[in-house]
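Right, one structure below, let's go through it.
The values are calculated or read from the model by the stated rules, or taken from the named source; none is laboratory data. Because the structure is a prediction, the values reported are computed rather than measured. Cβ placement follows ideal geometry from the backbone for every residue including glycine, while neighbour counts extend to all protein chains displayed. Quick note on the areas: whole protein, heavy atoms, side chains included, nothing else; ligands and nucleic acids left out. Shrake-Rupley method; radii C 1.70, N 1.55, O 1.52, S 1.80 Å.
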Amino acid sequence: MKEIVEEQQDFVKDIHKMSDDFDRWYTDVVRKAEMADWSGVRGMMVVRPYGWAMWEAIQRAFDDMIKESGHENWAFPLLIPQNLLVKEAEHIEGFGPEVAWVTKAGAGMEELEEPLAVRPTSETIIGNIIRRYIQSHRDLPKLTNQWNSVVRWEMRSRLFLRSREFWWQEGHTFHSTAQEAIAEADLILGYYRSIAEDWLAVPVLVGPKTPAETFPGAVHTLTLEGLMRDGLALQMGTSHYFGQNFARAYDVSFSNQSNERELCYSTSWGISTRMVGAIVMAHGDDSGLVVPPKVAPTQVIIVPIFRDVEGRAKVESFIAGWAPELKAGGIRFKVDWREERPGDKYAHWELKGVPLRLNVGARDADAQQVELVDRLSRERRPVPVAGIGKAITAELEGFQKRLFERARDFQKANTYELSTLAEVVAHFKEQSGFVWAPWCGDAECESRVKAEAGGVTIRTYDAQKQPSGKCLVCGKPAAHRVAFAKAY
């Protein structure tokens, strides 16, 4: 046992400790767990199969949700003519610094007649195209979505969290009434919450953004905010209600039931590969990842243990007898036959965050059992192979639940109620986490907190609980109870 522990420590010794340097720990884990790496083009990443498999699991789950409610997937152009991008003034003002442009093309590098923007988001091109397919109220609602990548020329990059190119889904919907569009934005926020909490096991705060934090061109923005293990907030998804702003800019209109032309009401919403980064930061530890079973590329790793050819044959025959039961139960598993020491294999799969490990040796074969090792608790215990499919399914369900509960307990332990600016400033000098405080709704008070508390921002309002007391800055009656945090 001592030798195995030493082997595992040797395997992970090059990973920085989370408590010493969270940023370097994060990068170490993402790269060494073979999730992603830098591509050689500054600020642009390559997502490796292990990381992409997590994104695919998120894709499948969300795609099922939106198709169930009538949304359809489209594919819209990558390049957007400059004249379209600038039509919605607030939108281009917000995205202008991040836009990458194509100005030359062809073998002779001829200047284009009009610069083409590499899409930072697709509201502008979709608005211009979708109006062809909307003539009357009978054509509404138009519920579109696309899975793609976008480019935003970020100056500071981090794998999954903030790269110049990232992958996401962007939904864009068009409606005949404001009420229907607002309900659509709320519906999608609920889907996003389910992805975060039910699939990724990350508890989130949900609610509206302040006007200062609202998406450029939107009437209001809804957000979900997770708390990572370094105490910083991560915006994990947003859903926007545009009113008629984009419809007005791109003349997306319809004939209503009175046969009068009317502008559509629209929404947009998106989650991205940032969700994969959230898995790392919300659940990981000094040994690497801890992946929620629902999105784990490998839910169960089987490690055969043997000394010679005869021992291997015995273990292999034993595994072959019950492994089909795992497959029949829809469990994603692998058998690690690599020529490596058991301790190295253990550490390898701990780094990758595989929820459950089954150690299988000759003695286990004789006893008709396996040794189960839980990645979250590190507990080891024997499990009979009789009925192993149902037993492992139950273990995975329990793991998913315990992982969420651990993250929820962490969020609660790092959530505070404060009432004055001085308290908030003092708190964020020493600590992090979510801080609930009363706010009058004045943008100047919001800006003052950000300036004096070192970049702390309002992450969302509390839509359920009525505010009490006075604004933490100016002392006027509070209009909102808001959550402050430092954020990625």
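Let me have the 222 nm mean residue ellipticity of the chain computed from DSSP H runs of 4+ only, each contributing -39500 (n - 2.57), with the sum over all residues rounded to the nearest 500.
So the helix-based figure for the chain works out to -11000 deg cm²/dmol.
Could you name the lysines whose alpha carbon sits less than 29 Å from that of Lys390, not counting residues in the same chain fewer than 8 places away?
Leaving aside lysines fewer than 8 places away in the same chain, those within reach of Lys390 are Lys294, Lys314, Lys327, Lys334, Lys345, Lys352, Lys401.
For a distance above 44 Å, tell me the whole-number percent of Cα pairs in the chain that qualify.
Everything past 44 Å amounts to 24 percent.
To make sure I understand the rule: partners must be lysines, Cα under 26 Å from the Cα of Lys104, and not fewer than 8 residues away in the same chain. Which ones qualify?
Lys87
Cross-link partners among lysines for Lys450, C-alpha distance below 16 Å, same-chain residues fewer than 8 apart left out?
Straight-line reach from Lys450, under 16 Å: Lys209, Lys429, Lys486.
Remind me, relative contact order of region 150-300 in percent, using alpha carbon pairs under 8 angstrom and six or more residues apart?
The value is 27 percent.
In terms of solvent-accessible area of protein heavy atoms at a 1.4 angstrom probe, what is the ranking of Lys345, Lys470, highest value first? Provide the component values of the computation, followed by the final result.
Values: Lys345 10, Lys470 140 Å².
Highest to lowest solvent-accessible surface, that is Lys470, Lys345.
Given a Förster radius of 30 Å and the C-beta distance between Glu423 and Glu98 as r, what FRET efficiency does 1/(1 + (r/R0)^6) yield to the nearest 0.05?
Taking R0 as 30 Å, the efficiency between Glu423 and Glu98 is 0.30.
In whole percent, what relative contact order does the chain give with Cα contacts below 8 Å and a gap of six or more residues?
It comes to 14 percent, rounded to a whole number.
Amide H of Ala117: which non-local residues (sequence gap of 5 or more, or other chain) have their own amide H closer than 5 Å, using H built in the peptide plane?
Under 5 Å from the amide H of Ala117: Ile80, Gln82, Val102.
Looking at region 377-427, which GluC sites (Glu not before Pro) are in a loop (DSSP not H, G, I, E or B) and have at most 13 other Cβ atoms within 10 Å?
Those satisfying the criteria are Glu379.
At 1.4 Å probe radius, can you tell me the per residue accessible area of region 221-357 in Å²?
Here the residues of region 221-357 average 35 Å² of exposed surface.
Nearest 10 degrees, 0 to 90: what angle lies between the long axis of helix 178-194 and the longest principal axis of the chain (Cα atoms)?
Between the helix axis and the principal axis of the chain, the angle is about 20 degrees.
What is the distance, in nm, between label points placed 7 Å from the Cα along the Cα-to-Cβ direction at Ala386 and at Val46?
Computed distance between label sites Ala386 and Val46 equals 5.1 nm.
Size of region 130-235 along its principal axes in angstrom, Cα-based, largest extent first?
Cα extents, longest axis first: 51, 30, 28 Å.
Taking every Cα atom in region 192-301, find the radius of gyration and the maximum pairwise distance Dmax, and write them in Å.
18.9, 65
Along Cα→Cβ, 7 Å out, is where each label goes; now give me the distance between the ones at Glu110 and Met155 in nm to one decimal.
3.7 nm
What FRET efficiency comes out for Ser377 versus Ser468 if R0 is 45 angstrom and r is the Cβ-Cβ distance? Round to the nearest 0.05.
0.65
Ordered by residue, what ³J(HN,Hα) values in Hz, to whole numbers, does region 421-437 give under the Karplus form 6.51 cos²θ - 1.76 cosθ + 1.60, where θ = phi - 60° and Gly and Pro are x?
4, 4, 5, 5, 4, 5, 4, 6, 6, 10, 9, 9, x, 8, 10, 8, 8
Quick check: the angle from helix 2-12's long axis to the longest principal axis of the chain, C-alpha only, nearest 10 degrees?
Once rounded, one gets 30 degrees.
Compute the long axis of helix 49-68 from its Cα atoms, compare it with the longest principal axis of the Cα atoms of the chain, and write down the angle in degrees, 0 to 90, nearest 10.
So the inclination is approximately 50 degrees.
Return, ordered by residue number, the residues of region 362-390 whose backbone nitrogen is under 16 Å from a label point located 7 Å along Cα→Cβ of Ala328.
Counting backbone N atoms under 16 Å from the label point, the list is 385-390.
Relative to the present Cα-Cα distance, how much length would full extension add between Ile305 and Asn148 at 0.36 nm per residue of separation? Display every interim value, and only then the final one.
Values: separation 157, 0.36 × 157 = 56.52 nm, distance 4.34 nm.
This chain segment gains 52.2 nm when fully extended.
Please state, as a whole number in µm²/s, the translational diffusion coefficient that the Stokes-Einstein equation yields for region 67-221 at 25 °C and 0.890 mPa s, with Rh defined as the Kirkwood radius across alpha carbon pairs. Walk me through the numbers before you get to the answer.
Working: Rh = 17.7 Å.
Estimated via Stokes-Einstein, D reaches 139 µm²/s.
Would you kindly state how much longer the chain becomes between Asp366 and Gln135 on full extension, computed as 0.36 nm times their sequence separation minus their alpha carbon distance, in nm to one decimal?
My answer for the length gained is 75.9 nm.
Going highest first, how would you order 105-116, 232-243 by mean Cβ packing within 10 Å?
Taking the mean over residues of other Cβ atoms within 10 Å, the ranking is 232-243, 105-116.
Using a Förster distance of 41 Å, how high is the FRET efficiency between Lys87 and Glu34, based on the Cβ-Cβ distance and rounded to 0.05? Working shown, then result.
Values: r = 43 Å, r/R0 = 1.05.
The value I calculate is 0.40.
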